[in-house]
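What follows is a set of notes on a single structure, which appears directly below.
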2 protein chains.
Amino acid sequence: MGWQRKVLRVNLTDGNVQVEPLNMEWAQQYLGERGLGTKYLYEYMDPTVDALDPANVLIFATGPLTGTMASTSGRYAVITKGALTDAIACSNSGGKFGAELKFAGYDLLILEGRAPEPSYLKIYDDDVEIVSAEPIWGKTVWETEDYLKSHHQDPLMKVASIGVAGENCVRYACVVNDLHRAAGRSGVGAVMGSKNLKAIAVRGTVGVQVDNPKKFMEVVRETHSKLAGSDDVKELASYGTNAMIDMMQEFGGLPTRNFKEVQFEGVDNINPSAMTRVNEHGHKNLLTNKACFGCTIACGRISHIDKEHFTIKNRPEYWHASGGLEYETAFAFGPDCGIDDIDALTFAGFMMNEHGMDPISFGGTLAAAMELYEMGVITDEDTDGVALNFGNPEALTAMAEKTGKFEGFGQILGLGSKRLCEKYGHPELSMTVKGQEFAGYDSRALQGMGLGYATSSRGACHMKHDVFGPDMEDQTGEGKAVPCKKSQDKISIIDSTGLCWFTLGTWGIKDFQAQVDAACEGDWTVERMFETGERIWNLERQFNLAAGLTKADDSLPERLLKEPAKSGTAKGKVNELDRMLPEYYDVRGWDSDGVPTAETLERLGL
Amino acid sequence: MGWQRKVLRVNLTDGNVQVEPLNMEWAQQYLGERGLGTKYLYEYMDPTVDALDPANVLIFATGPLTGTMASTSGRYAVITKGALTDAIACSNSGGKFGAELKFAGYDLLILEGRAPEPSYLKIYDDDVEIVSAEPIWGKTVWETEDYLKSHHQDPLMKVASIGVAGENCVRYACVVNDLHRAAGRSGVGAVMGSKNLKAIAVRGTVGVQVDNPKKFMEVVRETHSKLAGSDDVKELASYGTNAMIDMMQEFGGLPTRNFKEVQFEGVDNINPSAMTRVNEHGHKNLLTNKACFGCTIACGRISHIDKEHFTIKNRPEYWHASGGLEYETAFAFGPDCGIDDIDALTFAGFMMNEHGMDPISFGGTLAAAMELYEMGVITDEDTDGVALNFGNPEALTAMAEKTGKFEGFGQILGLGSKRLCEKYGHPELSMTVKGQEFAGYDSRALQGMGLGYATSSRGACHMKHDVFGPDMEDQTGEGKAVPCKKSQDKISIIDSTGLCWFTLGTWGIKDFQAQVDAACEGDWTVERMFETGERIWNLERQFNLAAGLTKADDSLPERLLKEPAKSGTAKGKVNELDRMLPEYYDVRGWDSDGVPTAETLERLGL
């Protein structure tokens, strides 16, 4: 068990709703969430179709541990072909929506086709309905959630939705659930928009069963207590993910002004101490922390803006869900755009949730546009008169709103940095892999991170591998392939459980394995966990190869390969991808073109 | 400990804010919440002043167990001279506001005077501010909470506020916190309105300490586990308080059509089975249950309206907090007004929360108006054209809205039934004691309940004594004085702990005593608990006597004393108050005029 053993399949084109049994053979091979969603995607769609074509398939997948008593059991993943990347996309999210979908009785929700008119999907256990979204099309994520809860008179309903950005297929539009959690990356919200699907509203009343309840309780008691005693958890709860910003600044791995630099002079104005200190107006940015379903860490931030300092024009009193700076938002709006105004960063972060956009990609795209503006390629005529200089907080908030509402220059920014830089004749300025913008770790300072970025199936991403240790210890490309591959496999399986890998500072793979083994049928050993992770990674690769991607897509922008870091511990260094990549292919059992060999596929049962 | 040892005193007239140490001698004599609030009220105000005069004092009081790990530890009380009753008022409430006030560091909040302009009070720990309420004056409770959270950008803020009814001193206006919990009775919201105080917004970050943590943990583990295994708790969680309606119908103690009858033919349409069954449109009224802070019972209801059946005119999509039928609301809007439309009852219930009014008193007043309407005393001219016949659901919802907005005939209904019936020359039709409307228990069927109603310090009330057992066993007035007195004392002390007495089906006084004793300094024995309860009861009496109330106010309407019950187990019976009251005075150690003797006062240290 762990699984609900049921899949909800909705064809939006003809309105057909079908409940089918979960393919348990696949569940044993791919576990759940990321892995199982990928398997279903791979089996049910042609990888060559355009991401925004109705023939693309959009899957919401829970894991066998989603909605259980395990800590951090609120995760679900959205799997589809990404609108930003034209590669496989798997974006996961927390909050409460995933557990609720599981409680409604489903492991997976598969969305096919395109609704003839704007619609939302209402799921109350077995009662599934496609409803006209006419009253909410054109509304923000926050307005949409308000409307749905009010209209259905159900404050306990959980909602995942898109904003106007998603409706208009902004390439990095995301799916936001519970007002400020998001399946953020690769444009899964644009795919949802292309399907004319505004929202999914769900309420579930079915429990989740585990295979061996007594053992599960024992294991969960132990894993809970590990988290409770962990310094890593204390740090995440106290400082949130933005604790990273000081570390990266010191290390010299904090990409600044579209990766021209690796350290940012304004970091002290936007780091955790800036969030927690009382400023001269008596204002403190951070209110408190907040947890997702079942989570005993609570890394989420609840912040508010200093209105005495920062005036928001033409905005009603309107933040019932605030959110707050997490590291990637702080990096992408801060150093990457050269801005050190904490209120502007915070407000732009709110807008990402309100309008449903990925802050990393928005920030990266704005940073590229800023470089083009300072070069004179983009002018005030393009930008509706807004000065796009690095460091201008007005540019950040004005453009966040324009992009969220799909107005003016926001429509261009909505293309993402790859398409935007190509449009203006400077593709080299797009800091992306497979069209997706980098997270806040410079791969000249962190070599293995660069290898992870280059080889991640969904484009540049810091969440699909974990080589911090080796990267901090050794700043050459040596010996990065093995830990990169191993951590990719490990995270692939963790992403398939329904749990969150922010636990990895405390839990080892054995802790995940013990929870999976107690909850699910089958003998889930550590070895099998790694093998399943490797199977998932290779299946994603197969999808991308079938979609037409090649070795050439496993690359980094020239800036990271040729322009040495200007300061910090990696001063003078570039990324050594050329050295790492062949070794990585080899370790993976892929040929020199990055194609899994027949042996590898057979070994993994692919 | 248990106590925070701090009192926040705010003079609204001159804006003076003062933090003073809690009088620990009084705390040892009156424990907290109801008892301690009463002591402070008694010491700091002249009981003869008009309830709506600035010289009335309004106290928000937490108990020593409020905000602790004890189950149901979310209670706080509002103590003042009641606008409905001109007697002492003590209304308690759950939700999360009370615990938050405690976390801000205060046992008591004392509000004096009248603000020169509409204001709200903002309390962030030691940071206390009186702020202009200009943007929210005239708004509903729900709009007010939305505004405050948005304006201060703090979704975690807890709010207690009044609606337009409270602003205009509707006599039974209440204080609503957390959108649908209320300090409901006796018009404490009208007093708040008379002070020009729209809301109290609070956030606290101070922990609560207990005297003997180890012992407290042990005791709390035991009291939690008792609740977890209790059938009474299961019933409250499953059916809510409305489980009572079937029992009272069967017994013949369900006041119907302004107490003309004691059984209601439409009960099957508004009882828990009606709430939980799926109707012909596929709609189920009850969505789920909901708990207050720290509560492991969760008797609260979350319901929604069948829109296919029940159309709400001119209303936007607007219920982010729904609430749902509890017994007293079901009784007061249902049998007492002869209405069996569950959606009308539910919607009118929402409006009580939205506009901040006590459903018992509103329903009782409407029932009296309906009787006067059917007699021809009130006509369509008075009622803005709405037919006020018993059984008309339109009358219920239209008048709930009018009263909530203080419009038209709603201004007359806002007087309460005593003043309304006097106005129309029929004081005998007001089903009240000390001006406060009865709860849903007919005192011809339940004799001791009648004695409790008559002697309750805050007027007719079912929450200040507990004689169900004796009343169900024996339907004469015999032997009711002792259990009535003893349960009044018991509930007085329970109401002073910070815990909820809906636990009484499972916990005995020893369970409360053990929790208090572990949390607080001093040796809190069962005997001392009863004695403290009795001291509180007598102090309330002293307040009322000083306010000018006499024995004549310990009475019941003639209808209950002279018109026999028409059906049910008490068919032919009237209430035997004349027999019970002298015995009660005697048991209390009061003279024949209901005045505590010098001996009694001395024994209790008064």
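Close amide H partners of B:D474, meaning residues 5 or more places away or on another chain with modelled amide H under 5 Å apart, do not exist here. Pair-distance distribution P(r) for the protein assembly as shown, from all Cα-Cα distances in 10 Å bins starting at 0: 2, 10, 17, 21, 18, 14, 10, 6, 3, 1, 0 percent.
Inter-copy label distances for B:P21: 7.4 nm (label point placed 7 Å from Cα along Cα→Cβ; shortest first).
To one decimal place, what Kirkwood hydrodynamic radius in Å is obtained for region A:11-62 from all pairs of distinct Cα atoms? Display every interim value, and only then the final one.
Working: mean 1/r = 0.0820 Å⁻¹.
Hydrodynamic radius (Kirkwood, Cα only) of region A:11-62 equals 12.2 Å.
Note that region A:162-228 presents 31 Å² accessible area per residue, ligands and nucleic acids not counted, probe 1.4 Å. Distant-in-sequence amide contacts of B:Y76, defined by a placed amide H-H separation under 5 Å and a gap of 5 or more residues or a different chain, comprise B:S93. Got a sec? Which residues of region B:149-176 lose 30 Å² or more of accessible surface with every protein chain in place, vs. that chain alone, 1.4 Å probe? Residues losing area: B:S150, B:H151, B:Q153, B:P155, B:L156.
Per-residue 3J(HN,Hα) values for region A:95-108, derived from phi via the Karplus relation 6.51 cos²θ - 1.76 cosθ + 1.60 with θ = phi - 60°, read x, 10, 4, x, 4, 5, 4, 5, 5, 6, x, 10, 7, 9 Hz in sequence order (x marks Gly and Pro). Shape class of region B:231-326 from the alpha-carbon gyration tensor: oblate, with a/c at 1.5 or above and b/c at least as large as a/b. Put simply, when A:562-568, B:438-444, A:397-403 are sorted by average Cβ atoms within 10 angstrom per residue, most first, you get B:438-444, A:397-403, A:562-568.
Normalised per residue, the accessible area of region A:248-433 is 33 Å², obtained with a 1.4 Å probe and no contribution from ligands, DNA or RNA.
Remark: region A:144-152, residue by residue, has Karplus-estimated 3J(HN,Hα) of 5, 5, 4, 4, 5, 5, 5, 4, 8 Hz, where x stands for each Gly or Pro and the curve is 6.51 cos²θ - 1.76 cosθ + 1.60 at θ = phi - 60°. When the charge dipole of region A:517-582 is built from unit charges on Cβ atoms (+1 for Lys and Arg, -1 for Asp and Glu) and taken about the Cα centre, the candidate among A:L539, A:C520, A:S555 whose Cα reaches farthest toward its positive end is A:S555.
Placing unit charges on each Cβ (+1 for Lys and Arg, -1 for Asp and Glu) gives chain B a dipole about its Cα centre, and among B:S417, B:A173, B:L388 the Cα reaching farthest toward its positive end belongs to B:A173.
The relative contact order of chain A, computed from alpha carbon pairs under 8 Å that lie at least 6 residues apart in sequence, is 16 percent.
The same position A:G376 in the other copies lies at 9.6 nm from this copy, comparing label points 7 Å beyond Cα toward the beta-carbon, shortest first. Look at the alpha carbon pairs under 8 Å that are at least 6 residues apart: their mean separation over the length of region B:248-433 gives a relative contact order of 19 percent. Ordering A:G404, A:I270, A:F251 by Cα displacement along the dipole of the protein assembly as shown toward the positive end leaves A:F251 in first place; charges were set at the Cβ atoms of Lys, Arg (+1) and Asp, Glu (-1). In terms of its Cα atoms, region B:248-433 spans 46, 41, 37 Å along the principal axes, sorted from long to short. For region A:1-137, the orientation-averaged shadow of the C-alpha convex hull comes to 8.4 nm² (one quarter of the hull surface). Peptide B:283-291 has a mean of 2 when you count, residue by residue, the C-beta atoms of other protein chains within 10 Å of its C-beta.
Interface of B with A. Using a 1.4 Å probe and counting protein heavy atoms only, the two chains hide about 1900 Å² of accessible surface, both sides summed. By accessible area, using a 1.4 Å probe on protein heavy atoms only, chain A has 48% of its surface on carbon and sulfur.
The convex hull built on the alpha-carbon positions of region A:81-212 has an orientation-averaged projected area of 8.1 nm². The protection proxy used here, the mean number of other Cβ atoms lying within 10 Å of each residue, ranks peptides A:157-169, B:264-276 as follows, highest first: A:157-169, B:264-276. The amide H of A:C295, built 1.01 Å from its N in the peptide plane, has A:T72, A:S73 as neighbours under 5 Å, considering only residues 5 or more places off or on other chains.
Dipole magnitude of the protein assembly as shown about its Cα centre, charges +1 at Lys/Arg Cβ and -1 at Asp/Glu Cβ only, in debye to the nearest 20?
On the way: 120 positive and 174 negative charges, 193 e Å.
Rounded to the nearest 20 debye, it is 920 debye.
Only Lys, Arg, Asp and Glu carry charge here, each on its Cβ (+1 for the first two, -1 for the last two); on that basis chain B has a dipole of about 800 debye about its Cα centre.
For region A:6-203, the tally of Lys pairs with Cα-Cα distances below 20 Å comes to 28, considering only residues 8 or more apart or on different chains. In order along region A:153-165, the Karplus-derived 3J(HN,Hα) couplings, from 6.51 cos²θ - 1.76 cosθ + 1.60 at θ = phi - 60°, round to 6, 9, x, 9, 4, 10, 10, 10, 8, 10, x, 5, 4 Hz, and Gly and Pro are given as x. Across the identical copies, the 7 Å label point of A:N279, projected outward along Cα→Cβ, sits 5.2 nm from its counterparts, in ascending order. What would the Debye equation give as log₁₀ I(q)/I(0) for chain A at q = 0.05, 0.07, 0.09, 0.13 Å⁻¹, counting only Cα atoms as equal point scatterers? One equal scatterer on each Cα of chain A leads to -0.18, -0.37, -0.63, -1.48.
The values are calculated or read from the model by the stated rules, or taken from the named source; none is laboratory data. Computed from a predicted structure; not experimentally measured. Cβ coordinates were reconstructed from backbone atoms using ideal geometry, including for glycine residues, and neighbour counts include every protein chain displayed. We work out accessible area using only protein heavy atoms, side chains counted, and drop any ligands, DNA or RNA first. Shrake-Rupley method; radii C 1.70, N 1.55, O 1.52, S 1.80 Å.
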